[in-house]
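Student: The following block contains the structure, expressed as structure tokens.
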Amino acid sequence: MSATILLVEDNEQILRGNERMLKRRGYTVATALTLAEARFCIEKQIPDAIVLDIMLPDGSGLDFLRELRIENNKLSDIPVLLLTGLTTPEDVIRGLSEGGDDYLAKPYDFGVLLARIEALLRRAAQIPKTLTKGALQLDIVANRAFLDGNDMLLSPKEFALLLLMVQNEGRALSAASLFQAIWKLPQADNSAVKTTVSRLRGKLGDRFTIDNDRTESGYVLKQI
């Protein structure tokens with residue numbers, strides 16, 4: 001089955017040209033001229049990758065990107081290539097900081113665009129679907145965690161925190177780094193991290209705990 005690419009672009013000439021070329025290479029393509037159309041497309045079918053313009057008639061593509069990364073678990077891991085006329089280094093940094101996986105400025109060569117889409121799809125295919133640590137099993141696709149086979153009923157932030165802890169086993173993660181990775185906001189809020197850690201500790205029961213390391217530089221997941 002071919003991968004599905006969602007193109008979000010308000011320049012219809014660019015949109016139709018990219019759609020035509022991608023279809024010739026065997027991809028299934030959905031198209032949207034606005035963010036509203038993009039949301040409708042995603043409700044119908046979750047794409048395997050998104051090519052996203054930033055300047056759109058009904059809002060910023062970066063706001064849409066934040067929706068994907070922060071507000072919707074099912075969509076948070078979709079690879080997103082930002083394809084835009086904004087070309088300064090600051091624009092690129094902002095786009096990648098907001099959760100973009102790659103950035104390509106207009107004008108561009110279609111061969112480069114195709115190569116970057118294929119690279120994103122390859123990386124996404126290599127991401128493991130489940131992760132296990134002792135009695136813990138994390139379903140990365142569904143964003144659900146199980147302890148001894150029982151659903152822990154984690155909130156999105158709790159799951160993201162636990163996933164980071166398991167992926168960084170034995171490594172102390174600072175509150176600031178956790179906040180940036182999970183909330184994706186520039187100003188750290190240590191109280192939000194502490195509250196989420198406290199709730200997660202309660203759900204881990206007596207099998208695991210999250211401790212401050214001896215130097216007080218961060219949090220570490222430990223199996224009891």
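The values are calculated or read from the model by the stated rules, or taken from the named source; none is laboratory data. Every value quoted in this text rests on a predicted model; they were computed, and no experiment measured them. Note: ideal-geometry Cβ built from the backbone for every residue, glycine included; neighbour counts use all protein chains shown. Surface areas here come from the heavy atoms of the whole protein model, side chains and all, with no ligands, DNA or RNA. Shrake-Rupley method; radii C 1.70, N 1.55, O 1.52, S 1.80 Å.
Student: If I filter segment 123-135 for residues that are β-branched (V, I, T) and in contact with an Asp or Glu (Cβ under 9 Å, 6 or more places away or on another chain), do I get at least one hit? Reasoning before the result, please.
Tutor: As a first pass, look at segment 123-135 and keep what is β-branched (V, I, T): 127, 130, 132.
Cutting the leftovers down to in contact with an Asp or Glu (Cβ under 9 Å, 6 or more places away or on another chain) gives us 127, 130.
Yes, the conditions are met somewhere in segment 123-135.
Student: Take Q13 and tell me if it is open to solvent by 30 Å² or more (accessible area, probe 1.4 Å) and at pLDDT below 95.
Tutor: Values: open to solvent by 30 Å² or more (accessible area, probe 1.4 Å): yes; at pLDDT below 95: no.
For Q13, the condition - open to solvent by 30 Å² or more (accessible area, probe 1.4 Å) and at pLDDT below 95 - is not met.
Conditions (1) among the hydroxyl-bearing types (S, T, Y); (2) open to solvent by 50 Å² or more (accessible area, probe 1.4 Å), marked per residue:
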{"site": "D102", "(1), (2)": "no, no"}
{"site": "A105", "(1), (2)": "no, no"}
{"site": "L114", "(1), (2)": "no, no"}
{"site": "I117", "(1), (2)": "no, no"}
{"site": "L120", "(1), (2)": "no, no"}
{"site": "A125", "(1), (2)": "no, yes"}
{"site": "T132", "(1), (2)": "yes, yes"}
{"site": "V141", "(1), (2)": "no, yes"}
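Student: Find the strands (runs of 3 or more DSSP E) located wholly in segment 1-98 whose residues include 3 or more that are touching a residue at least 40 places away in the same chain (Cβ under 8 Å), and list them. Walk me through how you get there before you give the answer.
Tutor: Numbers: elements: 4-8, 28-32, 49-52, 80-84.
By residue number, 4-8, 49-52.
Student: Sort through L120, L82 and tell me the only one that's at pLDDT 95 or above, closer than 19 Å to V8 by Cβ and within 18 Å of the chain's Cα centre (by Cα). Can you show your working first?
Tutor: Values: L120 fails: at pLDDT 95 or above.
None of the other options fit; the residue is L82.
Student: Name the single residue, out of those in segment 143-183 being touching a residue at least 40 places away in the same chain (Cβ under 8 Å) and among the acidic types (D, E), that is most open to solvent (accessible area, probe 1.4 Å).
Tutor: Of everything passing the filter in segment 143-183, E169 is most open to solvent (accessible area, probe 1.4 Å).
Student: Out of all the residues in segment 199-212, is one or more loosely packed, with under 13 Cβ neighbours inside 10 Å, over 21 Å from L68 (Cβ atoms) and modelled with pLDDT of 90 or more?
Tutor: yes
Student: Suppose we keep only residues that are touching a strand residue (DSSP E or B) at 6+ places or on another chain (Cβ under 7 Å) and under 23 Å from T28 (Cα atoms) within segment 73-100. Which one would you say is surrounded by the fewest Cβ atoms within 10 Å (Cβ to Cβ)?
Tutor: I78
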